[in-house]
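Student: Sending over a structure as structure tokens; questions will come in a sec.
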Amino acid sequence: MTDTLDSTLASLYPEHLSILQQRAAEALQRAELDHLVVPAGVLRYQYFDDRDYPFAVNPQFKAWLPVTQAPGSWLVITPGSRPRLIFMQPHDYWHTVPSDPTGYWPSEFEISIIRTPDEALKLLPSNPARCAILGEDNAALGPFVPNNPPAVLDYLEFHRHAKTAYEIAMMREATRIGVIGHRAAEQAFRDGLSEFDIHLAYCAATRQDANDLPYCNIIGLNEHAAVLHYMTRDRQAPTQARSFLIDAGASYQGYASDITRTYSTQQDEFQALIDAVDRVQLDLCAQVLPGIDYRDIHMNTHAALSQVLRDFDLIRCSPEAALSSRISNAFFPHGVGHPIGLQVHDVAGFHASDRGGRIDRPEGQPYLRMTRTLVENSVVTIEPGLYFIDMLLDELRPTPANADVNWDRVAAFKPFGGIRIEDNVVATRNGAVNLTREAFAAD
């Protein structure tokens, strides 16, 4: 598998790099600048302590090369020249020093090894004023202070929405790894383990720990599935496990997957509700096509889930009435998904164009994370859900919508917490490509 994957990435990487160079040249021209300078970032230390936080590489850096653990390194992109990597390998016996660059990508770069941060100053462009320096303030080195020109960021982030073939291959591998973890976590749930032990089973199966995973695993049994970002992880298994929701992804060389599944202990009515949401989710995934407004997929989600609520006698009004009265928001309070790639919640979800601007969310939908029209090779998550959340349901009770909710049925489902099903989907001219379902089918 590794040799085949490396061969695939090697064949796709030159085109990926060429596309990034074209984008960088156009962004610099718009900003009337000469160089793109990207620090990998630096270690952050805890206040009043000498312990560092886990290093998180600058996404603008890892877009160019599969290096995620080289703090103090820099990239210099100058149109018409080979990209330069200033690679930090400190003399350090306290920590692991980054290994020499190897693999399919180093031949595309002019690489200089440095041992101290100040050595980079001799290798960076001579005039910082002619540079777009993309990064956090703490990455500043002498006169090279991140300035993050909006013209450059708007262009690069807008076009990052369309993934290269190389990036999709990276995300496919991140998805494959994540599915291995999901299989192990489901088995741990079936074996009656605690949330904490299910989490450990996931990490063991993926060979990734908290610092490797793209986000903190959500592992919720029973009512905990109603907490959208539940991360407490009880150490003791519940007396009776009724349901299990897992939202967990994996990383591969800087790219993320984001997968959610929900299970019932038995083939009961809650499992039937899960199956109904699953059918809705598959229909929504098929809508991930170039030219489709993501806002429409979100609103279609409300309509479809409202029909499920009615079919299960949880509400007694039409889907249209459920949307207008905000009943559907009480059961489905988040957005249908988000862009994904170098970041779990990838950038520019609201950009009107590569010159900036903003596309607003639909009225009454404050948590939708993307409002753009899909383009070829957009990669997004599709994650409909139904939840039984006291806070949101209590807000319905004093409203006229109270009469349209079957509260006895709601009470019967509340002990199960909720349902979410999430896949990572690519919009292609030949239809939606569901990376997650492909990985589950192959596993």
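Student: Taking segment 396-412 as the region of interest, how many residues are open to solvent by 40 Å² or more (accessible area, probe 1.4 Å) and of a type in the set (Val, Ile, Thr)?
Tutor: The initial filter retains those residues of segment 396-412 that are open to solvent by 40 Å² or more (accessible area, probe 1.4 Å), namely 397-400, 402-404, 407-409, 411-412.
Imposing the further condition that a residue be of a type in the set (Val, Ile, Thr) reduces the set to 399.
So the count comes out to 1.
Student: Hey, Arg172 hits all of (1) assigned to a loop (DSSP other than H, G, I, E, B); (2) in contact (Cβ under 8 Å) with a residue 60 or more places away in the chain; (3) basic (Lys, Arg) but one; which does it fall short on?
Tutor: Arg172 satisfies every listed condition except (1).
Student: Right, another one. Please go through segment 203-220 and give me each residue that is without any contact (Cβ under 8 Å) to a residue 40 or more places away in the chain and in contact with a Ser or Thr (Cβ under 7 Å, 6 or more places away or on another chain), ordered by number.
Tutor: The answer is Asp212, Leu213.
Student: Right, something else. Taking segment 185-216 only, how many residues are closer than 17 Å to Arg261 by Cβ and either basic (Lys, Arg) or part of a helix (DSSP H, G or I) (or both)?
Tutor: The number of residues fulfilling the criteria is 14.
Student: Quick test for you: out of Gly431, Gly356, pick the one residue that is out of contact with any helix residue (DSSP H, G or I) (no Cβ under 8 Å at 6 or more places or on another chain) and at positive phi.
Tutor: On the way: Gly356 fails: out of contact with any helix residue (DSSP H, G or I) (no Cβ under 8 Å at 6 or more places or on another chain).
Among Gly431, Gly356, only Gly431 is out of contact with any helix residue (DSSP H, G or I) (no Cβ under 8 Å at 6 or more places or on another chain) and at positive phi.
Student: On the basis of being among the polar types (S, T, N, Q) and within 25 Å of Ala205 (Cβ to Cβ), does Gln281 make the cut? Show your work before the answer.
Tutor: Details: among the polar types (S, T, N, Q): yes; within 25 Å of Ala205 (Cβ to Cβ): yes.
Here the answer is yes, as Gln281 does meet what is asked.
Student: Yes or no: Thr373 in contact with an Asp or Glu (Cβ under 7 Å, 6 or more places away or on another chain) and of a type in the set (Ser, Thr, Tyr)? Don't jump to the end; show me each part of the working.
Tutor: Details: in contact with an Asp or Glu (Cβ under 7 Å, 6 or more places away or on another chain): yes; of a type in the set (Ser, Thr, Tyr): yes.
Spelling it out, Thr373 is indeed in contact with an Asp or Glu (Cβ under 7 Å, 6 or more places away or on another chain) and of a type in the set (Ser, Thr, Tyr).
Student: Next question. Answer yes if at least one residue in segment 413-420 is assigned to a strand (DSSP E or B), open to solvent by 40 Å² or more (accessible area, probe 1.4 Å) and under 30 Å from Phe158 (Cα atoms), and no otherwise.
Tutor: From segment 413-420, those assigned to a strand (DSSP E or B) are 418-420; that's our starting set.
With the extra rule that they be open to solvent by 40 Å² or more (accessible area, probe 1.4 Å), the set shrinks to none.
For segment 413-420, residues assigned to a strand (DSSP E or B), open to solvent by 40 Å² or more (accessible area, probe 1.4 Å) and under 30 Å from Phe158 (Cα atoms): absent.
Student: Checking Asp258 against (1) in contact with a strand residue (DSSP E or B) (Cβ under 6 Å, 6 or more places away or on another chain); (2) more than 30 Å from Ala352 (Cα to Cα); (3) buried (at least 17 other Cβ atoms within 10 Å of the Cβ), which single condition isn't satisfied?
Tutor: (2)
The values are calculated or read from the model by the stated rules, or taken from the named source; none is laboratory data. None of these values were measured; they are calculated from a predicted model. All Cβ positions, glycine included, derive from the backbone under ideal geometry; neighbour counts span all protein chains shown. Note: areas computed on protein heavy atoms with side chains; ligands, DNA, RNA excluded. Shrake-Rupley method; radii C 1.70, N 1.55, O 1.52, S 1.80 Å.
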